[in-house]
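Chemist: Take a look at this one; I'll ask things after.
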Amino acid sequence: STLESLTNNNIAFRNFTGNLNWKHSFDTAGRELTADFDYVTYSNVSDLLLTTNVYNGSGAPVGQPLFLKGYLPSYIDLWSFKSDYTQPLKNGRFEAGVKSSLVTNNNQVDYSRQLADKSWLRDARSNHFIYDENINAAYVNINRQFKKWTIQTGLRLENTIAKGKQVINDSTFKRNFNNLFPSLFVSFEADKNNQLKLSYSRRITRPNYQDLNPFTYFLDSLTYRVGNPYLLPQFTHNIELSYALKSKFIFTLNYNNTT
């Protein structure tokens, strides 16, 4: 037997990005304060019609064609504010800053399937998912040079508040957690032909919003994608040691551990 699936998908995509920037220089030595406000809005509306026909071994149709109609609007709004301060030091630099971002992700999917009398009935896989995320962070960096040595160390404190809600079945989740992200960079230049560098950092990688979306998104009758709203970020410790010879040949040893 043969199954033939045809998908017609009309997608309308729009986005807008705006930025306000402010900078104040205290003196000519490089001491300054900056601030940025960003706004991004994104919309993606999909009109989907999935048609499925089934044929027996001789090519004759089996039953009536199956029709599934979908309307999938997705809207994302992102506001962010950050401010950075830079203070030159003797043989070095001091930096500090704060950042706050707020994301609202509103996704809806309405599926309807056609009945034998050509009328349309709302499908049980319809859903409405709302996800809000607020990230607040503060950091400090210090860079100093001592003869042949360059040392830079930093620390970032980050707080994440997230909540999600599936409107159809009224299920919700909330998260509130703090994380520290240290970093260290050490460079030793023995001479102009030999340089050694050692670095360490802890990083975070968050799941994208599509991976969190619990909708059933059909690509065809037998292929679909479903997100998981309970996915958590991954954290990576990264250590790297490198040696540069004559600025032409670089040898690197790298280790990272991801949870």
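Chemist: Just tell me which aspartates and glutamates come within less than 19 Å, Cα to Cα, of residue 165; anything on the same chain fewer than 8 places away is out.
Modeler: 77, 110, 132, 133, 211
Chemist: Do the sum for the chain: with -39,500 (n - 2.57) for every DSSP H run of n ≥ 4, divided by all residues, what is the mean residue ellipticity at 222 nm, to the nearest 500 deg cm²/dmol?
Modeler: Values: 1 runs with 4 residues, N = 259.
It comes out at 0 deg cm²/dmol, rounded to the nearest 500.
Chemist: With a 1.4 Å probe and all protein chains left in place, how much accessible area per residue does the chain have, in Å²?
Modeler: With all protein chains present, the chain gives 64 Å² per residue.
Chemist: Next question. Only sites in a loop by DSSP and with at most 11 other Cβ atoms within 10 Å count here; which trypsin sites (Lys or Arg not before Pro) in region 163-215 make the cut?
Modeler: Sites meeting the loop and neighbour criteria: 192.
Chemist: Provide the three semi-axes, in whole Å and in decreasing order, of the ellipsoid equivalent to region 111-183 as defined by the square roots of 5 times the Cα gyration tensor eigenvalues. Write out the running numbers ahead of the final one.
Modeler: Numbers: eigenvalues 563, 43, 9 Å².
They are 53, 15, 7 Å, listed from largest to smallest.
Chemist: For a test of the definition: using alpha carbon positions, the gyration tensor, and the 1.5 limit on a/c, classify region 148-234 as rounded, prolate or oblate. Walk me through the numbers on the way to the answer.
Modeler: Details: a/c = 7.82, a/b = 2.34, b/c = 3.34.
It comes out oblate by the Cα gyration axes.
Chemist: Ignoring any ligand, DNA or RNA, what whole percent of the accessible area of the chain comes from carbon and sulfur when the probe is 1.4 angstrom?
Modeler: Numbers: 9220 of 16510 Å².
Answer for the chain: carbon and sulfur cover 56 percent of the accessible area.
Chemist: Please identify, among 25, 247, 201, the residue showing maximal mean-square fluctuation in a Gaussian network model of the chain using a 10 angstrom Cα cutoff.
Modeler: Maximum among the listed residues: 247.
Chemist: Something else about it: If you add up the charges near residue 41, with Lys and Arg at +1 and Asp and Glu at -1, over every other residue whose beta carbon is less than 14 angstrom from its beta carbon, what do you get? Walk me through the numbers before you get to the answer.
Modeler: Values: positive: 14; negative: 38, 77.
Local charge sum for residue 41: -1.
Chemist: Over the chain, what is the mean sequence separation of C-alpha contacts under 8 Å (at least six apart), divided by residue count, expressed as relative contact order in percent?
Modeler: Relative contact order here is 12 percent.
Chemist: Cβ under 11 Å from residue 69's Cβ, residue 69 left aside: what net charge do those residues give with Lys, Arg +1 and Asp, Glu -1?
Modeler: On the way: positive: 113, 122; negative: 47, 110, 123.
Summing Lys/Arg as +1 and Asp/Glu as -1 gives -1.
Chemist: With a/c under 1.5 counting as rounded, go ahead and sort the chain into rounded, prolate or oblate using the C-alpha gyration tensor (a ≥ b ≥ c being the square roots of the eigenvalues; past the cut-off, prolate if a/b is larger than b/c, else oblate). Please list the in-between numbers first.
Modeler: Working: a/c = 3.20, a/b = 2.14, b/c = 1.50.
Judged from the Cα gyration tensor, the chain comes out prolate (a/c at least 1.5, a/b above b/c).
Chemist: Starting from the exponent 0.38 and prefactor 2.2 Å, build the expected Rg for region 1-136 from its residue count and divide its actual Cα Rg by it. Provide the component values of the computation, followed by the final result.
Modeler: On the way: Rg = 26.5 Å, N = 136, 2.2 N^0.38 = 14.2 Å.
With N residues counted in region 1-136, Rg over 2.2 N^0.38 Å equals 1.86.
Chemist: I'd like the distance between the alpha-carbon centres of region 103-145 and region 29-78, rounded to an integer number of Å.
Modeler: 11
Chemist: Which residue, 171, 126, 58, tops the fluctuation ranking in a GNM of the chain built on C-alpha contacts under 10 Å?
Modeler: 58
Chemist: For region 51-98, count the residues as N, evaluate 2.2 N^0.38 Å, and divide the Cα radius of gyration by that value, please. Mind dumping the intermediate values first?
Modeler: Numbers: Rg = 31.0 Å, N = 48, 2.2 N^0.38 = 9.6 Å.
Taking N as the residue count of region 51-98, the ratio is 3.23.
Chemist: In whole Å, what is the distance between the alpha-carbon centres of region 177-230 and region 1-28?
Modeler: Distance between centres, Cα-based: 20 Å.
The values are calculated or read from the model by the stated rules, or taken from the named source; none is laboratory data. Quick caveat: nothing in here was measured; it's all calculated off a predicted structure. Positions of Cβ are backbone-derived with ideal geometry, glycine not excepted, and every protein chain shown enters the neighbour counts. These accessible areas exclude ligands, DNA and RNA; they are computed on the full protein's heavy atoms, side chains included. Shrake-Rupley method; radii C 1.70, N 1.55, O 1.52, S 1.80 Å.
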